[in-house]
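Quick notes on the structure that follows.
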Amino acid sequence: MNKFWIILAHTYMSKVKSKSFIITTAVTLILILGLTNLSNVMEYFNKGESGEEIAVVDESGALFSPLKQQVEAVNEDIKLTKFTGDEEAAKEAIREGKYDGLLLVRLNNVNLPEATYHAMTIADTTIANEVKNSLQQLKTQLAATQMELSSEELAKLYEPVDFEQLALEKNAKTEEELNQARGLVYVLLFVIYFSVILYANMIAMEVATEKSSRVMEILISSVSPIKQMFAKILGIGLLSITQMAVLLGVGYASIKQNLDTMQGGFFSFFGFGDIPLATIVYAVVFFILGYFLYSTLAAFLGSLVSRIEDIQQMITPMTMLIVAGFMIAMFGLGQPETPFITISSYIPFFAPMLMFMRVGMLSLPIWEPILAIAILIVTIILLAIFGARVYRGGVLMYGRSTSFKDIKKALQLTKNE
């Protein structure tokens, strides 16, 4: 058993000290800090900017003042300036960089406003949409005046309908809770998806690298292949826990520190303000189970190849399973109660993401996630037993191996030992 711990410690320490691990962790930390400080970063870069200045040629002679009030009331960064020259002179001023855009406003044949907007490029539609919306409101006001509608009647006409969604099921989540859960589950699904792919591939690559360097011949003479496989799985597992603890710890601390600037709009979708403890617990449980499921699969697939160049071709079907589970989970975020999602959440290779998504989005009876966890544990045990037999024979196979028919050869070698 002492040799098992030596291999585990060696696998863990060699990966922790590797440049790729350090660089990947550092880059990811920078991205996390950047995203959680996005509001502060945007405020810093926008500091000192005077906003957008739009030249306005008012052909009607009556639209500029009310439009200016309407636009600047909505967005203080947009400044409308009345241009006294003609259209061609205004366009030339834009080319010289004096203005950011040109708005030509006029009255149509029913005395309602219409406009044409000119800019050097129209790739950025933000300013144009702001002006368009303000002009639309001005048009509505003028149309109401023509129809002799009072401001109260106009407000009542455009007042949004009261529409509330209420669930009859006991303990069902409210609409606000669902929206927050959807964003949080979305983020955690990405974490599970990328982590499982990264660490499972790492195990397959580790085994293939040792075989290609003939280190395996020395190892199998002193340590049983089964001990090697599980030592590597646990070693990479500890590596994943270390990396995820660092990333999530820094991310959580940064979110808490910047929570006041992460309210409303984009950030309200992710529900960072109130993260249910049960969701975090389920995320950890399904992440660990998903890791062991796919890492066991990756270990014995990696043992079948002798060259690093062949590893991606061998593990492609496993990667496609992970991608399929992730894509189904993305679909299920909008319709988590469909029978297809429900049934798929009990399929072992999809359960880590789909059952977690359903637990985060719905108020499920406790037996459903427990059943999925039990199915996953049983599958992992069966896969570990089968995988250990394949691994035991696979590490003895050399030569070009990219076919799943090699599993049969590996099992045959195991029997002949």
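The values are calculated or read from the model by the stated rules, or taken from the named source; none is laboratory data. Please read these numbers as outputs of a predicted model, since none were measured by experiment. All Cβ positions, even for glycine, are placed from backbone atoms using ideal geometry, and neighbour counts span all protein chains on display. Note: areas computed on protein heavy atoms with side chains; ligands, DNA, RNA excluded. Shrake-Rupley method; radii C 1.70, N 1.55, O 1.52, S 1.80 Å.
Leaving ligands, DNA and RNA out of it, work out the accessible area of residue 84 with a 1.4 Å probe and give it in Å² to the nearest 10.
Approximately 140 Å² of residue 84 is accessible to the 1.4 Å probe.
Using a 1.4 angstrom probe with every protein chain in place, what is the largest-first accessible-area order of 358, 106, 389?
Heavy-atom accessible area, descending, gives 389, 106, 358.
log₁₀ I(q)/I(0) of region 285-357 at q = 0.20, 0.22, 0.25 Å⁻¹, via Debye over equal Cα point scatterers, no solvent, to two decimals?
For region 285-357, the Cα-only Debye profile gives -0.81, -0.91, -1.06.
Of 91/139; 82/139; 79/256; 232/256, which sit over 29 Å apart, Cα to Cα?
Violating the 29 Å Cα-Cα cut-off are 79/256; 232/256.
What ranking do 372-381, 234-243 get when scored by the average of other Cβ atoms within 10 Å per residue, highest first?
Taking the mean over residues of other Cβ atoms within 10 Å, the ranking is 234-243, 372-381.
Excluding residue 98 itself, what net charge comes from residues whose Cβ is under 10 Å from its Cβ, given Lys and Arg +1 and Asp and Glu -1?
Result for the local shell: -3.
Can you sort 205, 244, 314 by solvent-accessible area, 1.4 Å probe, largest first?
205, 244, 314
For residue 281, what accessible surface area do you get with a 1.4 Å probe? Give it in Å², rounded to 10.
Accessible area of residue 281: about 80 Å².
Rank these by accessible area, largest first, 1.4 Å probe: 310, 58.
Largest accessible area first, the residues go 58, 310.
Report the relative contact order of region 6-162, percent, no decimals, based on alpha-carbon pairs under 8 angstrom and at least 6 residues apart.
Result for region 6-162 is 19 percent.
Ranked highest first by average number of other Cβ atoms within 10 Å, how do 26-32, 188-194 line up?
Listed from highest to lowest mean packing, they are 188-194, 26-32.
Sorted from largest down, give the three principal axis spans of the alpha carbons of region 11-136, whole angstrom values.
That works out to 78, 28, 27 Å along the principal axes.
So how exposed is residue 140, as accessible area in Å² (1.4 Å probe, rounded to 10)?
30 Å²
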